[in-house]
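Values in this text are rule-based calculations from the coordinates and carry no lab data. Quick caveat, the model's predicted, so the values are computed rather than measured. Positions of Cβ are generated from backbone atoms using ideal geometry, with glycine treated the same way; all protein chains shown enter the neighbour counts.
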């Protein structure tokens, strides 16, 4: 007689193809459960909205309407008719998704429900798992190598649940102090590697110099671009807790800060807000959809809102056409 395995009440068994075989893969299993159950019910019919894909075959030309992508303007028809026309494309059923995950040491920081790296990894994994459901190809790039070197590490785009599991396991490695991720080089690497039109998701805290702006702008000219900005509440404002020692995890520099100084806290909050507005404006200029996630909030709630709004916007644009 076969013995049944006991499970706590209310806990469903994970499908066989999504089970893990190693205790080190427990975070991957938890993420799969979150995406496949908690998100799946909320994002029914998500493929046309979240992953529309760019078409590879040209469709019919039609008059230009406000909101159309100017890159799709058919200049030959426009010249003949003296009226702007765009040429739609027939959407592909298979999408190529590329993930760029910032694994520099600044993402090891966190004072909320999780560290910034854990939120970033979860968001990247959610995109990968949702994309893989339709048989899409998924590739990924870390801004640092698994051996700790400050150079990008690429995982070629392939399809299949085993490949996605390997990507999640590779991206799971937490950054160490002193690791300087090459976000600019990683974005440039995606631009060279992504031969066909698809979607690129860049996950970072976007701290430091904005050298990533130029390659990301070039990337946005060809692909659907989503930028996930991961924030911690202490990067937005400081609490009044007296004298504290702050450390830059990338350079190791330390500094004493008196948080009891109200004018200092106000200057810090103004500078942080100005920085966030600057990053948001640059991401918008690159043509990226901006998804901010915080370590003190439920990332799934913000993720679902973002995907739902994006899907509704794209469906509304399709109906207008």
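In this structure, residue 222 and residue 301 have a Cβ-Cβ separation that, at R0 = 22 Å, corresponds to a calculated FRET efficiency of about 0.10.
Ordered by the number of other Cβ atoms lying within 10 Å of each residue's own Cβ, fewest first, 98, 75, 299 fall into the sequence 75, 299, 98.
Segment residue 260..residue 284, full-extension length gain: 5.0 nm, with 0.36 nm per residue of separation and the alpha-carbon distance subtracted. Subtracting the Cα-Cα distance of residue 65 and residue 275 from their residue separation scaled by 0.36 nm leaves 72.2 nm. For the stretch 126-235, rounded, prolate or oblate, judged on the Cα gyration tensor with a ≥ b ≥ c (square roots of eigenvalues), a/c < 1.5 rounded, else prolate if a/b > b/c? Cα axes put the stretch 126-235 in the oblate bin.
Cβ-Cβ distance of residue 314 and residue 151, R₀ of 35 Å, FRET efficiency by 1/(1 + (r/R0)^6): the value works out to about 0.45.
Protection proxy ranking, highest mean first, for peptides 125-131, 164-170, 262-268, 306-312: 125-131, 164-170, 306-312, 262-268, where packing is the per-residue count of other beta-carbon atoms within 10 Å, averaged.
The length gained by stretching the chain between residue 251 and residue 195 to full extension, at 0.36 nm per residue less their Cα-Cα distance, is 16.6 nm.
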